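Working notes, structure below.
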Amino acid sequence: METLMLPFSPRFVVLTICAVVTALLLAIGFLDHNPKIWEVVLIPVLIFGALTLLGVRDLTQKSHAVLRNYPISAHLRFLLEEIRPEMRQYFFESEKDGMPFSRDTRAVIYQRAKMVLDKRPFGTQEDVYRDGYEWIHHSVVPKLHVDDKFRITIGGPDCTKPYSASVFNISAMSFGALSPNAVRALNAGAKKGGFAHDTGEGGVSPYHRENGGDLIWEIGSGYFSCRNRDGSFNPELFARVASDDQIKMVELKISQGAKPGHGGVLPAAKVSEEISRIRGVAMGEDCISPASHSAFSTPLEMMAFIGEMRRLSGGKPAGFKLCIGHPWEFLAICKAMLQTGIYPDFIVVDGNEGGTGAAPLEFMDHMGMPMREGVSFVHNALIGINARDRIRIGAAGKIATAFDMARAMAIGADWCNSARGFMFALGCIQSLSCHTDRCPTGVTTQDPSRNRALVVPHKIERVYNYHHATLRALAELIAAAGLEHPQALRPIHFSQRTATTEVQSFAKLYPSLRPGELIDGTSDPRFREAWAMARAESFAPAGEGFEKRESRIALRSIRATCCISASASGISPLPQGEVGAKRRVTGGGLSIDRTPLTPTLSPGEREQTFVCCASSKLAVEAA
Ligand SMILES: Cc1cc2nc3c(=O)[nH]c(=O)nc-3n(C[C@H](O)[C@H](O)[C@H](O)COP(=O)(O)O)c2cc1C
Ligand code: SF4
């Protein structure tokens, strides 16, 4: 009985109605002898017949469970899913809503890019009492006028062609991720505004060169535009491309915040004749960016490679871009700087909030250090090895407004890059379909019929205006704070609400190391353990040999000290007891002890196992 009633259950009733209506219409058509009857019933028959066939197909297909259970009607769900982002954006999004960039932020970028009114009426829509709310302090004696042509010089003592850069530049985005017209407009806008345009790792394309704007040439692990047939780095090709006057700096990409540690593949089908020529890859084969570099594998080799990049480019500033992952790996690079005497001229720190054309969700959401912690870490590490004066720091990661810039610069950045900010200036509407090649605004597509939507002369002005108006807004902020240049910003100029009735200065949230503190031996918990684990010879931590030394103790209470030897630290002896040693508690979990190991056995515990790195001494003292 239940089976017989199934066609009339809510799940199947739509299909039943369509089938019944089709049958009735067919019956009317065949039984009615009026010759004009088909003129009336033909279209309804076709519609209900097609729906019935669709329903039968839904019922029998095997890939969508919801269609098998709700034939025909479940298509409505797919349709609504498809248009959900647009519905949200057009009808439901408030000014402060919208991810990754809020409606308000997008609006201010559009307004600045179009040079229309960018002011707001009535008062802030921010909840200034929510946790995490931040503000910049103003002065009772603001400056009356601050010039907005903020520039900094990039290039340490080993660089013979330092670059005078704007403090706001276009972040790395490859031709391939971006359309030809997008690259053209960005570069011409950069030329007009006197700022820099990073090529991204996809090589230097003719679209980068057409308009002559300053370029930062980025090379990634695929060494595009400077590679041998087997994908290895080709120094002659690198020197040839880097010697071009338009290229002002050369940048080694270690990682990108949105997908750190993840390589990339441009499928063979997308490797057009043009991309194959620009990147120096074969047509008909997948174009692979491996997850790591083949030109070096240790911190010492990496520094040597940076030195080579500077030499081969004729003395231009050479640096690298990364998102901070394991802290000891970056500190290993610092140790390699000290050991080799080779220093990069700049480091760009990308945050895990950064953008990409396409990346796995897990990488975007949970891999890598956010920009602010990353910038603060790199800034302090360089102070700690006395190298901050010679290395400039760039920051990228959702920096789109003057406040974003000021905040990043207070924490340690010398300049800021924006990728998606400039995409908005080009007309991006945050439709979030960059990975489909169906960008509605022609920004991230290789389809010529979509690329034509982006009219280059118009967008050049927008790119130029956005840059100019953002620096103007920054100048106003700086002036209100009583300063002359954003480089004068310090953490003490910012505060954050950390709880409903608690406010902390950035100086407390992002404390600074003393010059040379890492070399002298630091007790700062952000650095102490990682510095001890870092070694110039390898990216692997000095504690690699953890498992090799064990001591088993079966006593009521114990003290243990694990220290690392001078040779393992690579630089200088470290104070005893400040190295991360693993402590495994029998019957319990596994933890890392950060401070001198002075554990006590808990009641009922009979044994503990201490594991110390192979190269260190483990002293166990029973009490
Ligand atoms: C479409 C797109 C392509 C990108 N391509 C690269 C790239 O080739 N190399 C790179 O280092 N970063 C790349 N990035 C990351 C940006 O350079 C930047 O570091 C990151 O998006 C953070 O800046 P944003 O928040 O202003 O977008 C790309 C970002 C986007 C949105
Ligand atoms: S409009 Fe959409 S697809 Fe195009 S760049 Fe912007 S987010 Fe990507």
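The values are calculated or read from the model by the stated rules, or taken from the named source; none is laboratory data. Since this is a predicted model, take the numbers as computed values, not measurements. So basically every Cβ, Gly included, is an ideal-geometry build from the backbone, and we count neighbours across all protein chains shown.
Looking across the range 244-262, the residues that are assigned to a loop (DSSP other than H, G, I, E, B) and not aliphatic (A, V, I, L, M) come down to Asp244, Asp245, Gln246, Ser255, Gln256, Gly257, Lys259, Pro260, Gly261, His262. Evaluate the range 234-243: report whether one residue or more is closer than 30 Å to Pro100 by Cβ and outside any loop (DSSP other than H, G, I, E, B). No. Among the residues of the range 305-354, just one is within 16 Å of ligand 2 (Cβ to nearest atom) and either surrounded by 24 or more Cβ atoms within 10 Å (Cβ to Cβ) or of a type in the set (Lys, Arg) (or both), namely Gly354.
Residues are listed down the side, and each one gets a yes or a no for (1) surrounded by 12 or more Cβ atoms within 10 Å (Cβ to Cβ); (2) in the same structural domain as Tyr466 (by TED's automatic domain parsing):
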| residue | (1), (2) |
| --- | --- |
| Gln125 | no, no |
| Tyr129 | no, no |
| Glu134 | yes, no |
| Val140 | no, no |
| Lys143 | yes, no |
| Gly155 | yes, yes |
| Cys159 | yes, yes |
| Tyr163 | yes, yes |
| Ser166 | yes, yes |
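When the range 426-448 is filtered for residues that are more than 22 Å from Gly202 (Cα to Cα) and either of a type in the set (Val, Ile, Thr) or assigned to a helix (DSSP H, G or I) (or both), only Ile429 remains. Of the residues making up the range 368-405, those that are over 30 Å from Ile519 (Cβ atoms) and either outside any loop (DSSP other than H, G, I, E, B) or modelled with pLDDT under 95 (or both) are Ala402, Phe403, Asp404, Met405. Would you check if there is a residue in the range 461-479 being touching a strand residue (DSSP E or B) at 6+ places or on another chain (Cβ under 8 Å), away from ligand 2 (no atom under 15 Å from the Cβ) and either among the β-branched types (Val, Ile, Thr) or part of a loop (DSSP other than H, G, I, E, B) (or both)? Yes: the range 461-479 contains one or more residues that are touching a strand residue (DSSP E or B) at 6+ places or on another chain (Cβ under 8 Å), away from ligand 2 (no atom under 15 Å from the Cβ) and either among the β-branched types (Val, Ile, Thr) or part of a loop (DSSP other than H, G, I, E, B) (or both).
Determine whether Ala419 is on the phi < 0 side of the Ramachandran plot, out of contact with any helix residue (DSSP H, G or I) (no Cβ under 9 Å at 6 or more places or on another chain) and within 11 Å of ligand 1 (Cβ to nearest atom).
Values: on the phi < 0 side of the Ramachandran plot: yes; out of contact with any helix residue (DSSP H, G or I) (no Cβ under 9 Å at 6 or more places or on another chain): yes; within 11 Å of ligand 1 (Cβ to nearest atom): yes.
Criteria met by Ala419.
The helices (runs of 4 or more DSSP H) found entirely in the range 270-351 that carry 1 or more residues being under 16 Å from Tyr223 (Cα atoms) and among the small types (Gly, Ala, Ser) are 273-279. Pairing each residue of the range 427-444 that is in the same structural domain as Ala185 (by TED's automatic domain parsing) with any residue that is within 6 Å of ligand 2 (Cβ to nearest atom) and small (Gly, Ala, Ser), provided the two are 6+ apart or on different chains, yields C-beta distances under 7 Å for Cys439/Ser433; Pro440/Ser431. Please indicate, with yes or no, whether at least one residue in the range 32-48 is touching a Cys at 6+ places or on another chain (Cβ under 6 Å) and either outside any helix (DSSP H, G or I) or touching a residue at least 24 places away in the same chain (Cβ under 8 Å) (or both). Within the range 32-48 (the criterion being touching a Cys at 6+ places or on another chain (Cβ under 6 Å) and either outside any helix (DSSP H, G or I) or touching a residue at least 24 places away in the same chain (Cβ under 8 Å) (or both)), the answer is yes, since at least one residue qualifies.
Exactly one residue among Ala268, Ala282, Ala291 is out of contact with any Leu (no Cβ under 9 Å at 6 or more places or on another chain) and within 30 Å of Thr340 (Cα to Cα), and that residue is Ala291.
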